[in-house]
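The values are calculated or read from the model by the stated rules, or taken from the named source; none is laboratory data. Since the structure is predicted, the reported quantities are computational estimates derived from the model, not experimental observations. Positions of Cβ are generated from backbone atoms using ideal geometry, with glycine treated the same way; all protein chains shown enter the neighbour counts. Remember, those area values only see protein heavy atoms, side chains included, never the ligands or the DNA or RNA. Shrake-Rupley method; radii C 1.70, N 1.55, O 1.52, S 1.80 Å.
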Amino acid sequence: MTMAVARGGGRSSTASYYPQVIVLIVLFCVGVIPPFVFLAYSSLHELDPSGAFGAFTLGHFAAIFASRSFSSVIVNSAVYSLGSALLALVIGAAQAWLAERTDAALRQVLYVSSIVSLGIPYVLYIVAWILFLGKAGPVNAALQHMFGGTEPYISVYSLGGMIFVEGLLWSPLAFLLLSPVFRNSDASFEEAASICGAGLLSTLRYVTLGMARPALLALGLLVFIKASESFEVPALVGLPGSTRVLTSTIYQRLTLDMPPDVGSASAFGVLLLVVMAILLQIYGRVVAQTHRYQTVTGKGFRPRVIRLGRWRYAAGALIITIPFIVVVIPLATILWAALLPYYQAFSIKAVPLLGFGNFVQVLNSPSFRGAIVNSLVLGAAVATLVTVLSAVAGWCVARRVAGARLLDGLAALPLVFPAIVLGLAFLEIFVHAGSRLYGSLLSLVVVSMVAYMPYGLRYAQLGVIQIHPELEEAAAIAGARQARTFIRVVLPLLIPALISCWLFVFLLAVRAVSLMLLLAGPDSQVVAVTLFDFWNNGQVGELAALGCVWTAIMTVFCIAFLVVARRYQLPIG
């Protein structure tokens with residue numbers, strides 16, 4: 001079969017499918033179809049005390065819709081997701097505009113802080129804000145000193161606290177994704193507005209942000225989706241304050257209710273799947289319209305830096321303030337907690353208590369070292385397997401071989417699964433299948449591969465698109481077989497995209513909590529789950545010390561990922 005036939009894409013007979021396409025379709029079906037089946041089946045059947053399936057029933061869904069708390073869960077989920085998206089969008093857009101379109105001082109600080117933030121585990125970041133804004137934190141201590149009283153003035157365990165932490169959590173990624181948008185915005189439109197008498201703020205509002213509107217809308221919707229499926233903030237901040245959303249309700253039904261209500265949790269999971277599918281469909285349509293706002297052409301394009309004049313140093317102060325709030329405060333809080341034998345608010349009196357006892361305990365403990373090793377093995381294994389499969393699948397999809405559309409659709413299916421729901425689905429699969437995989441590190445590798453395959457495929461596909469098919473056709477004319485052409489021609493040119501893919505999937509795999517929480521066993525503990533357990537057990541010092549060590553390790557990988565992504569103009573998220 002020639003390369004010309006490979007790019008035809010018009011064949012539908014399985015006889016015309018490449019063997020590698022058939023193998024990939026089978027693998028993807030095995031990975032993504034069973035979670036849908038088991039989740040739906042569990043939501044529509046009764047379960048006896050032994051966990052075996054019983055009679056068909058719609059009772060799980062009926063009980064959910066009849067519950068008085070269901071409407072509040074839906075409202076909380078919507079408000080939480082919308083508030084988080086707006087906060088992340090405002091902070092990210094402000095940073096991107098200052099860094100890319102102005103001559104504000106200290107702009108590089110924004111890039112450095114964003115790199116560091118990507119290396120902070122979600123649990124660690126959330127715990128830092130809980131400590132800083134909590135009852136014994138420095139904020140409430142300062143307010144009590146100023147205004148008197150013994151009760152805390154700020155409660156982080158609230159819907160507002162959830163929005164604040166989640167919005168800050170996503171703001172660095174919002175900045176990194178919006179930076180290219182503002183960097184590539186054509187300055188001629190802004191100059192035309194200035195000639196017509198528009199001031200800086202009017203030009204920013206109606207022209208600069210107007211041209212960036214599709215990107216802002218798409219990013220806002222993306223953060224909304226991520227917040228809707230997020231688990232860490234709802235579990236650590238929301239549940240203690242009795243503020244429940246869909247993901248924390250699923251976790252509560254599985255782990256906090258006695259006995260665990262697997263049927264109800266599965267029904268909530270199905271509802272969340274429907275919500276995710278609708279949101280992803282809307283997101284796809286928004287992204288499809290971004291071509292209408294293209295301003296970068298081969299003729300006359302030139303970016304322009306806005307001279308802020310006397311406002312330059314005020315903007316520099318804002319540039320310092322945002323990373324200080326988003327990154328420095330959480331890291332300083334965690335470091336302070338790591339150096340104390342027991343946590344207490346910032347004070348001069350506590351300075352003599354500072355020491356490295358928690359670090360010594362973490363580094364000398366076999367269980368802590370095991371969690372670090374398991375995380376590194378998990379991340380490396382998942383990233384390697386996903387990258388290898390993505391390289392082949394990405395070529396098939398980009399070259400539109402027979403079956404490419406089915407392959408692309410199957411690979412994208414895990415996107416509709418929130419992590420906690422995918423973990424629940426595989427938990428049911430492993431338990432009811434009697435598999436020995438449950439609780440093993442291999443089970444975490446399998447689930448993570450399914451979850452992160454869409455991201456790997458995206459990187460590989462974009463990398464293949466940048467390689468002109470004429471190179472492969474020339475190799476075919478010279479007599480090279482398809483496999484040899486792929487290995488000798490395509491793969492070397494694809495290496496930068498695959499390196500970026502490997503690093504990105506690695507970072508996703510080692511930071512995940514909700515995906516691993518229901519599946520990790522005693523011998524397969526990873527850092528993210530260990531941090532979560534430490535917080536629930538009140539081991540703040542050990543949590544902070546382990547978090548500091550892990551953040552230092554992850555920052556190295558984050559720097560490598562961003563260097564490769566920016567060098568070869570690959571997507572960051």
### Task
Please determine, by comparing only the residues of region 90-103 that are touching a Leu at 6+ places or on another chain (Cβ under 6 Å) and closer than 10 Å to residue 171 by Cα, which one is surrounded by the most Cβ atoms within 10 Å (Cβ to Cβ).
95
### Task
Answer yes if at least one residue in region 403-426 is without any contact (Cβ under 8 Å) to a residue 60 or more places away in the chain, in contact with a helix residue (DSSP H, G or I) (Cβ under 6 Å, 6 or more places away or on another chain) and in the same structural domain as residue 31 (by TED's automatic domain parsing), and no otherwise.
yes
### Among the residues listed as 106, 110, 87, the single one being open to solvent by 60 Å² or more (accessible area, probe 1.4 Å), in contact (Cβ under 8 Å) with a residue 40 or more places away in the chain and more than 20 Å from residue 268 (Cβ to Cβ)
106
### Query
Among the numbered criteria (1) more than 30 Å from residue 320 (Cα to Cα); (2) under 23 Å from the mean Cα position of the chain (by Cα), which single criterion is violated by residue 79?
(1)
### Query
Out of all the residues in region 39-55, is one or more closer than 30 Å to residue 403 by Cβ, in contact with a helix residue (DSSP H, G or I) (Cβ under 8 Å, 6 or more places away or on another chain) and open to solvent by less than 60 Å² (accessible area, probe 1.4 Å)?
yes
## Note on the structure
Wholly inside region 100-177, helices (runs of 4 or more DSSP H) that include 2 or more residues that are of a type in the set (Ser, Thr, Tyr) and out of contact with any strand residue (DSSP E or B) (no Cβ under 7 Å at 6 or more places or on another chain) are 108-118, 122-133
### Query
Does region 327-334 include one or more residues that are open to solvent by less than 30 Å² (accessible area, probe 1.4 Å), among the small types (Gly, Ala, Ser) and either under 24 Å from residue 530 (Cα atoms) or not assigned by TED's automatic domain parsing to the domain that holds residue 92 (or both)?
no
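Return the only residue of 467, 495, 487 being within 26 Å of residue 378 (Cα to Cα), β-branched (Val, Ile, Thr) and without any contact (Cβ under 8 Å) to a residue 60 or more places away in the chain. Quick ask: steps written out before the conclusion?
Numbers: 467 fails: within 26 Å of residue 378 (Cα to Cα); 487 fails: within 26 Å of residue 378 (Cα to Cα).
Sole residue among the options that is within 26 Å of residue 378 (Cα to Cα), β-branched (Val, Ile, Thr) and without any contact (Cβ under 8 Å) to a residue 60 or more places away in the chain: 495.
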### Summary
Residue hits (region 236-260; touching a residue at least 60 places away in the same chain (Cβ under 8 Å) and not hydroxyl-bearing (Ser, Thr, Tyr)) are 236, 237, 238, 240, 241, 244, 245, 246, 250, 254, 259
